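Below is one structure, written out as structure tokens; comments come after it.
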């Protein structure tokens, strides 16, 4: 199974490391990353593989969101099927 992580916030050093670090901590593999800096705003989308995650997906999502809030970031984690359904016409 795969998931999508989106991150938005004021650009600062270490955002990619923080998000990829929490993925590594819970056995979530980062498959692909795209990021942009729009003036002083950091925007990132990650495609993740959750097959070998050491915690349930919902718990991973909650912990990732909480970590983002602690660093003034808006972080959303969703299953790929939900992401695809949201963007289907």
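The values are calculated or read from the model by the stated rules, or taken from the named source; none is laboratory data. Please read all numbers here as calculations on a predicted model, not as lab measurements. Every residue, glycine among them, receives a Cβ derived from its backbone with ideal geometry; neighbour counts consider all protein chains shown.
Miscellaneous remarks
- Selection from the stretch 15-28 of residues that are over 20 Å from residue 72 (Cβ atoms) and in contact with a helix residue (DSSP H, G or I) (Cβ under 7 Å, 6 or more places away or on another chain): 26, 28
- Considering the stretch 39-50, and only residues there that are assigned to a strand (DSSP E or B) and in contact with a helix residue (DSSP H, G or I) (Cβ under 9 Å, 6 or more places away or on another chain), the residue that is nearest to residue 9 (Cα to Cα) turns out to be 42.
- Checking 36, 61 one by one, the residue that is at pLDDT 95 or above and in a helix (DSSP H, G or I) is 61 and no other.
- Matching entry among 30, 7, 74, 13 (being in contact with a strand residue (DSSP E or B) (Cβ under 7 Å, 6 or more places away or on another chain), surrounded by fewer than 15 Cβ atoms within 10 Å (Cβ to Cβ) and either at pLDDT 95 or above or not in a helix (DSSP H, G or I) (or both)): 74
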